[in-house]
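What follows is one structure encoded as structure tokens, with my remarks underneath.
The values are calculated or read from the model by the stated rules, or taken from the named source; none is laboratory data. Keep in mind the model is a prediction, meaning the values are calculated, not measured. Counting neighbours? That spans all protein chains shown, and the Cβs are built from the backbone with ideal geometry, glycine included. All accessible areas refer to the heavy atoms of the entire protein, side chains included, with ligands and DNA or RNA removed. Shrake-Rupley method; radii C 1.70, N 1.55, O 1.52, S 1.80 Å.
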Amino acid sequence: MPYNELRKDYLLDRWVIIAIERSRRPTDFVKPKPEVAKTATCPMCFGNENMTPPAIMLYQKENGEVKRSQDPVSGERPKNWLVRVIPNLFPAFSPPKQLVDETQIIQNEYLWSAIGQHEVIVESPNHDEDPADAELPQLELVINAYIDRFKELSVKPYVKYVSIFRNYGLEAGASLSHAHSQVIATPMVPTSVQYEQKASRAFYVEHNKCIFCDIIERETKGPRLISEDNDFVVLAPYASINPLEFWILPKKHSPNILNLTASEVSAFAKTLKSTLKALKDIVNDPPYNYGFHLAINSESKDSYHWHLEVYPKLSIWAGFEKSSGVYINTVIPETAAESFRKTIKF
Ligand SMILES: [Zn+2]
Ligand SMILES: [Zn+2]
Ligand SMILES: [Zn+2]
């Protein structure tokens with residue numbers, strides 16, 4: 001009888017048990033879609049612009065061109081929008097009331113003020129225009145909105161990190177079903193990203209190369225590769241902790257998304273759409289979360305390499321995972337990659 005495998009993450013000091021013994025096929029996770037309670041009025045839908053706070057940023061269509069603007073402080077709000085960015089009504093981090101320096105954030109080692117920003121990106125006037133089904137030009141606008149928000153927030157003096165993420169499905173924490181992403185700017189670098197940055201700096205010092213460039217080189221030749229084109233690689237990570245987890249990495253080394261060219265934005269949109277569509281087709285539209293990992297600090301410029309991590313929500317973490325930080329994944333990453341390769345369409 002073969003043993004289960006205990007795999008360690010590429011960078012993190014984190015272990016996962018790949019349950020070879022009771023491994024499951026990706027299609028074993030297919031279950032009927034739960035009935036979604038239709039809310040009477042969706043505040044993010046076209047026509048309901050006045051149900052939200054004024055948009056901080058808008059992409060508007062004017063004479064066939066996309067123009068960047070914002071909602072007026074008072075009066076009629078534009079209806080010809082394509083993407084709206086609004087402040088979160090219940091922010092985890094709030095902007096400072098006046099200019100801040102570090103002493104206003106850090107009260108002591110154990111108590112900081114949660115100063116930052118928390119925004120919602122409404123990805124489309126159409127309720128269901130999620131990335132798996134979005135029109136590519138619309139998805140490109142969403143990615144441009146990620147870049148624009150990142151650009152503006154990352155230079156604020158109180159911001160040390162900008163987290164861009166998406167929750168899809170009630171079980172993955174999306175309380176509203178309208179297609180949307182979120183952006184949270186924080187005064188510290190979140191733990192998992194900090195670990196990755198530290199480990200990648202250590203690797204860089206020892207090997208004089210970026211560990212992610214190294215991972216891309218190795219994984220594109222192996223069984224965990226899902227897809228690749230000139231600009232992006234998609235892979236099922238060696239020590240995935242979620243069934244069907246995948247990462248999208250740019251081939252061009254860059255610590256963050258600021259230097260993406262227009263053609264890279266459209267390549268990224270294509271990759272994101274095709275992989276999320278494949279996930280939807282394999283497991284009947286499962287809930288998922290995704291999040292960008294990137295760096296804004298200059299000391300990570302050469303050693304850190306931005307990527308998007310996608311976590312399908314297919315298993316429940318229980319006592320062992322919660323108490324030990326060791327995970328059990330019942331889908332072998334190589335099997336997950338094979339299933340994606342068979343399903344993905346461009
Ligand atoms: Zn809606
Ligand atoms: Zn790199
Ligand atoms: Zn990462």
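Solvent exposure of the range 75-114 amounts to 71 Å² per residue of accessible area, where only protein heavy atoms count and the probe is 1.4 Å.
Give the carbon-plus-sulfur fraction of the accessible surface of the range 198-274 in %, rounded to a whole number; probe 1.4 Å, heavy atoms of protein chains only.
Roughly 52 percent, rounded to a whole number.
Against the chain, whose longest principal axis comes from its Cα atoms, helix 333-343 is set at around 60 degrees. Remark: the range 176-227 carries 46 Å² of accessible area per residue (probe radius 1.4 Å; ligands, DNA and RNA excluded). Computed with every protein chain present, the accessible area of Lys252 is close to 80 Å² [probe 1.4 Å].
Given Cβ point charges of +1 (Lys, Arg) and -1 (Asp, Glu) and nothing else, what value in debye, to the nearest 20, does the dipole of the chain about its Cα centre take?
Here the size comes out at about 280 debye.
Judged by the mean number of other Cβ atoms found within 10 Å, the most tightly packed of the peptides 242-248, 149-155 leads the ranking 242-248, 149-155. With the cut-off at 1.5 for a/c, could you classify the range 99-191 from its C-alpha gyration tensor as rounded, prolate or oblate? It comes out prolate by the Cα gyration axes. Computed from Cα atoms, the angle from the helix 136-154 axis to the main principal axis of the chain rounds to 80 degrees.
Rg and Dmax of the chain, based on Cα coordinates, read 20.6, 71 Å. Multiplying the residue separation of Thr191 and Arg22 by 0.36 nm and subtracting their alpha-carbon distance yields 57.7 nm. Counting 0.36 nm for each residue step from Cys42 to Glu299 and taking away their Cα separation leaves a gain of 88.2 nm. For the pair Tyr204 and Arg14, the difference between a 0.36 nm per residue extended length and the Cα-Cα distance amounts to 66.4 nm. Per residue, the convex hull around the alpha carbon atoms of the range 159-226 comes to 140 Å³. Taking the Cβ of Ile211 as the centre, find all other residues whose Cβ is under 13 Å away and add up their charges (Lys, Arg: +1; Asp, Glu: -1). Result for the local shell: -3. Candidates Val142, Asn230, Gln194 compared by Cα position along the dipole of the range 123-230: farthest toward the positive end lies Gln194, with charges placed on Cβ. Under 18 Å from a label point set 7 Å out along the Cα-to-Cβ vector of Leu99, the amide N atoms of the range 150-165 belong to 155-159. Note on the range 1-125: Rg/Rh from Cα positions, Kirkwood definition for Rh, rounded to two decimals, is 1.17. Where does helix 191-207 land angle-wise versus the long Cα axis of the chain, in degrees 0 to 90, nearest 10? With rounding to tens, the tilt is 60 degrees. Solvent-accessible surface of the range 238-311, taken per residue with a 1.4 Å probe and all protein chains present: 28 Å².
Residues considered: Tyr204, Tyr304, Tyr146. Largest GNM mean-square fluctuation over the chain, using C-alpha springs under 10 Å, is found at Tyr204.
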